[in-house]
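One structure below.
The values are calculated or read from the model by the stated rules, or taken from the named source; none is laboratory data. Just so you know, these numbers come straight off a predicted model, no measurement behind them. So basically every Cβ, Gly included, is an ideal-geometry build from the backbone, and we count neighbours across all protein chains shown. The protein model used for the area step is the full one, side chains on, heavy atoms only, and it has no ligands, DNA or RNA in it. Shrake-Rupley method; radii C 1.70, N 1.55, O 1.52, S 1.80 Å.
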Amino acid sequence: MGDPAVVVGVDIGTTSTKAVAFDTGGRQLATHSIGYPLDEPHPGYAEQDPQLILDAVVGSVRAVVDELPGPVAGLSFSSALHSLIGLDAHGTPLTPSITWADSRAGAQAERLRAVPSGLALHRRTGTPVHPMAPLPKLVWFAEQRPSLHARVAHWVGIKDYVLLRLTGALVTDHSVASATGLLDIHRLAWDAEALRIAGITEARLPRLVATTDVLPGLTADAARATNLPADTPIVVGAGDGPLANLGLGAVHPGEVACSIGTSGAMRVTVERPGVDPLGGVFCYALTEGRWVAGGAINNGGIVLQWAGETLAPELGEHAEEQLLDLAARAPVGSGGLIMLPYLLSERAPHWSALPRGAYVGLAHGHRREHLVRAALEGVCQQLALVLASVQAAGNEVHEIRASGGFARSSLWRQILADVLGMPVSFPAGHQGSSFGAALLGMQALGLISSIEVAADLVRIDETVRPDPASAATYAALLPLFSELHDALLPTYASLRRLAPSLPPEPPPIGAPG
């Protein structure tokens, strides 16, 4: 028997691209990442240079290939969802890569959500009507940049663009397409009504393919740049959220993957597409017979970072440990203080761009430790609302696996388990979406029998169980946390109307003047 075959999982993220080589036993053999900036030229804009991302993909793949002692069986791709790039007929970008974090289409999204057909659109496409999604962004371009909208030959996502440049094929996979708001997830075909709203036709979109589709190889230029043979198989891959479930081994129905990095998410693998009656969750494709339902939140670790900058600036940068020690001094429930952690607006489960952050219940006796702990609790309570929406969609939940930077904190781990009222398992070191991409590639290339082997390859490091008394406290507080969103919605709307007449917001602490 020879050495196990090696597949490189390439994860095109919002801040960097990471290439990781795995063998079929799940062992990591080499890794390399290259970062790139997120440009915010105007309020609400969040753009990136597609060429910088392509260079990062090529550079990270080459670095990994050069480190490996033997051949590569294939490349398989993951990417952040909801990006949008306009290309001309020659494949040259006419726009930057507009990321999920871009909120310029807020008014268009709110308008689409306000009509009854908005929820119907969400149910058909699996994608919430929210400014993160390409559909409202396309409406924005049609209304605000009509000549540019008309000149674009093809609207693509960032992974589509990278694959076009590497292989010459203009394709998009069912997973990435299911997060555009343009795909009927029940038929796996472009949705005619969504295309009409966006002002485009099928001809202006890439060809739809399965996530396991294998492209024949690299162009001569791409082969030279990556130091790979030109006939190296290229597996199209999927979106980073669904692949993170796979990378955590949460591949069976009822197994939830929870992550808290800068933002956060809660996703469960399901066997049939669908969302809950109120449209609280998304539903994106993973592979044939596997979908991922759940919700993403904008505010995860960024809330702790904000707390440090704002409430304890004397601690300086990288003060997470001291902040968590501070939070540990406050009681469970933060003495009746609730924080709505909507510092960067919010996504699931309400999918409105209007919310802003708030502390409610603030009293004279509250101190910094209460404010910091309430921020951590607020992030976990928001994830609990997402979990409730996942369950409302008819999904049984019997296991939660969690990952992300927050997992380094024993306090934050315990708060999450207590707020969710369920044990939370933490897998040993893993590479999330890049491992998921590699596993999907291995299945596509016939190197493993099924992606279900992921469940056996991911080892659980620790399981944190909820403390009954703390869980009861949070269960009593969660309805209050939930109803505050609706209670404050008129205030959020009024703040939005007033915003143009108010003095500009100060720049973030630490931002260049």
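Under 7 Å by Cβ, and 6 or more places apart or on different chains, what pairs join a residue from the range 247-267 that is touching a residue at least 24 places away in the same chain (Cβ under 8 Å) and farther than 10 Å from GLY301 by Cβ with one that is among the aromatic types (Phe, Trp, Tyr) and open to solvent by less than 20 Å² (accessible area, probe 1.4 Å)?
Matching pairs, first to second residue: GLY247/PHE435.
Out of all the residues in the range 311-338, which are outside any loop (DSSP other than H, G, I, E, B) and in contact with a His (Cβ under 7 Å, 6 or more places away or on another chain)?
Those that are outside any loop (DSSP other than H, G, I, E, B) and in contact with a His (Cβ under 7 Å, 6 or more places away or on another chain): SER334, GLY335.
Could you tell me whether VAL115 is under 23 Å from ALA353 (Cβ atoms), open to solvent by 10 Å² or more (accessible area, probe 1.4 Å), aliphatic (A, V, I, L, M) and modelled with pLDDT of 95 or more?
no
What are the residue pairs meeting all of these: first residue in the range 459-471, first residue within 10 Å of MET422 (Cα to Cα), second residue open to solvent by 60 Å² or more (accessible area, probe 1.4 Å) and not in a helix (DSSP H, G or I), Cβ atoms under 8 Å, and 6 or more apart or on different chains?
Qualifying pairs under 8 Å: none.
Filter the range 386-410 down to residues that are within 19 Å of GLY274 (Cβ to Cβ) and not in a loop (DSSP other than H, G, I, E, B) and give me whichever is most open to solvent (accessible area, probe 1.4 Å).
Filtering the range 386-410 for residues that are within 19 Å of GLY274 (Cβ to Cβ) and not in a loop (DSSP other than H, G, I, E, B), the one most open to solvent (accessible area, probe 1.4 Å) comes out as GLN391.
If you go through the range 332-390, how many residues are touching a residue at least 60 places away in the same chain (Cβ under 8 Å) and among the basic types (Lys, Arg)?
Final tally of qualifying residues: 2.
Got a sec? Which of ASP184, ASP173 is open to solvent by less than 10 Å² (accessible area, probe 1.4 Å) and on the phi < 0 side of the Ramachandran plot?
After ruling out the rest, the residue left standing is ASP173.
Does the range 1-9 contain at least one residue that is surrounded by fewer than 18 Cβ atoms within 10 Å (Cβ to Cβ) and either of a type in the set (Asp, Glu) or assigned to a helix (DSSP H, G or I) (or both)?
yes
Could you list all residues from the range 260-295 that are over 24 Å from THR212 (Cβ atoms) and small (Gly, Ala, Ser)?
GLY261, SER263, GLY264, GLY279, GLY280, GLY295
Please go through (1) over 23 Å from the mean Cα position of the chain (by Cα); (2) touching a residue at least 40 places away in the same chain (Cβ under 8 Å); (3) surrounded by fewer than 20 Cβ atoms within 10 Å (Cβ to Cβ) for ASP486 and return the number of the only condition it doesn't satisfy.
So ASP486 meets the others, but not (2).
If I ask for residues that are within 15 Å of the chain's Cα centre (by Cα) and of a type in the set (Asp, Glu), which ones from the range 289-348 would you list?
Passing the criteria: only GLU346.
Can you say whether LEU29 is surrounded by 18 or more Cβ atoms within 10 Å (Cβ to Cβ), in contact (Cβ under 8 Å) with a residue 24 or more places away in the chain and among the hydrophobic types (A, V, I, L, M, F, W, C), as far as the supplied structure shows?
no
If you check VAL372 against the conditions, is it closer than 24 Å to ALA114 by Cα and open to solvent by less than 10 Å² (accessible area, probe 1.4 Å)?
no
Test GLN382 against the stated conditions and say whether it is in a helix (DSSP H, G or I), polar (S, T, N, Q) and over 13 Å from VAL268 (Cα atoms).
Yes.
Considering only residues that are farther than 25 Å from LEU94 by Cα and at pLDDT below 95, which ones fall in the range 31-69?
Within the range 31-69, PRO69 is the sole residue that qualifies.
Would you confirm whether any residue within the range 218-234 is basic (Lys, Arg) and under 29 Å from ARG124 (Cα atoms)?
Scanning the range 218-234 turns up no residue that is basic (Lys, Arg) and under 29 Å from ARG124 (Cα atoms).
Can you name the condition, by its number, that HIS32 falls short on among (1) in a helix (DSSP H, G or I); (2) in contact with an Asp or Glu (Cβ under 9 Å, 6 or more places away or on another chain)?
(1)
Name the residues in the range 222-268 that are surrounded by 24 or more Cβ atoms within 10 Å (Cβ to Cβ), of a type outside the set (Gly, Ala, Ser) and within 17 Å of the chain's Cα centre (by Cα), would you?
Passing the criteria: ASP240, PRO242, LEU243, ASN245, LEU246, LEU248, VAL256, CYS258, ILE260, MET266, ARG267, VAL268.
Inside the range 269-296, can you point out the residues that are under 24 Å from VAL115 (Cβ atoms), of a type in the set (Gly, Ala, Ser) and surrounded by fewer than 20 Cβ atoms within 10 Å (Cβ to Cβ)?
GLY274
Of all residues in the range 339-369, count the ones that are outside any loop (DSSP other than H, G, I, E, B) and surrounded by fewer than 19 Cβ atoms within 10 Å (Cβ to Cβ).
Qualifying residue count, the range 339-369: 4.
Which ones in the range 114-139 are more than 21 Å from the chain's Cα centre (by Cα) and either in a loop (DSSP other than H, G, I, E, B) or among the basic types (Lys, Arg) (or both)?
Listed by number, the residues that qualify are ALA114, VAL115.
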